[in-house]
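The values are calculated or read from the model by the stated rules, or taken from the named source; none is laboratory data. Predicted model, so just to flag it, every value in this text is computed and none were measured. Cβ sites come from the backbone with ideal geometry, for glycine too, and all protein chains shown count toward neighbours. In case anyone asks, the SASA skips ligands and DNA or RNA and just uses the protein heavy atoms, side chains included. Shrake-Rupley method; radii C 1.70, N 1.55, O 1.52, S 1.80 Å.
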Amino acid sequence: MKVLIFKTAEEVKVQAARQLLMSVQRNPESVLGLATGGTMEDVYAELVKQSHQHDASWAQVTTFNLDEYWGISSDSPASYRTYMNHHLFDHIDVDPGATHIPPSEGDNPEMAAAQYEARISGAGGIDLQLLGIGVNGHIGFNEPTSSLVSKTRLKTLTQSTRDANLRFFDTMEQVPRYALTVGIGTIMASDECLLVATGSSKAPAVQTMIEGPLAASCPASALQMHQKVTVMLDEEAARDLELRSYYQLVHPDGQESAVSDG
Ligand code: GLP
């Protein structure tokens, strides 16, 4: 794991957006795995800004989002489809037909999940998977005790996740109880992952993900078994890391090192 610790959340969003944009510029036909959540709002705002500054084209890019709430309409203000259109897709020249988000309703979530998984494979898999992390260590909506080899499926959200996402809804009753999420196995099959975490509320989950045992109790710890993961943190999110000075030594202020240290 490449652990990059930046002084501020501001620097994190600039560097994360830069890595995403570089991936698109290097391969205009990139298949990107995208994430939602408060952290990504800033990353996407910066990505839109940098895309315009560099006149970057997204016309041939394909995207797959990690997850979507189940049981709300996809055009509801709180859906991840609405979120993605609002924060990213409406501001770049991506082909709307090439932006995929798991369905939010239907009679057969199992079939919908299998179709989503097949669509990712059909596109040749994910080149770069962007990830946030939940305060309980979830990635996508793979809650603690999710199988570390899971594929796309319906998951029941924990109360902690529903509490954390209450801010996107008016009342707790409106916060969905289920989500369709790609699995940890799906995420692990991506060529490369970029996980972004900022703020002190993420510090315990970040510490367990990077330095704790590989365990389903912290789904993000599965990334310890991925060959190419970059974790971008601000100082607050890095607060609890025991080997923090080592990460700083290898990558002072988040800079790339001269040698590869995956
Ligand atoms: C949601 C998303 C996750 C995201 C997490 C953290 O639960 N499903 O993909 O990583 O939120 O979000 P935030 O950045 O708002 O803390």
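Descriptive notes on the structure:
- Under 15 Å of direct C-alpha separation, and excluding same-chain neighbours fewer than eight residues apart, residue 49 reaches these aspartates and glutamates: 10, 11, 41, 90, 93.
- Amide H within-cut-off set for residue 178, under 5 Å, with H built and near neighbours excluded: 70, 157
- Sites residue 135 and residue 18, calculated FRET efficiency, Cβ-Cβ separation with R0 22 Å, nearest 0.05: 0.25
- In Å², nearest 10: area of residue 22 left accessible to a 1.4 Å probe: 90 Å²
- Length released on extending from residue 82 to residue 121, taking residue separation times 0.36 nm less the Cα-Cα span: 11.6 nm
- Here segment 199-246 has 50 percent of its accessible surface on carbon and sulfur atoms, given a 1.4 Å probe and all protein chains in place.
- Set of aspartates and glutamates with alpha-carbon distance to residue 151 below 14 Å, sequence-local pairs under 8 removed: 67, 110, 117, 143
- Here's the list of lysines a cross-link from residue 155 could span, going by alpha-carbon distance under 25 Å and ignoring same-chain residues fewer than 8 apart: 202.
- Taken over segment 1-81, the ratio of Cα radius of gyration to 2.2 N^0.38 Å equals 1.21.
- Placing dummy labels 7 Å off each Cα toward the beta-carbon, the span from residue 159 to residue 10 is 3.9 nm.
- Rg over Rh for the chain works out to 0.94, both radii taken from alpha-carbon positions and Rh defined as the Kirkwood radius.
- Using every pair of separate Cα atoms, the Kirkwood estimate puts the hydrodynamic radius of segment 112-262 at 16.3 angstrom.
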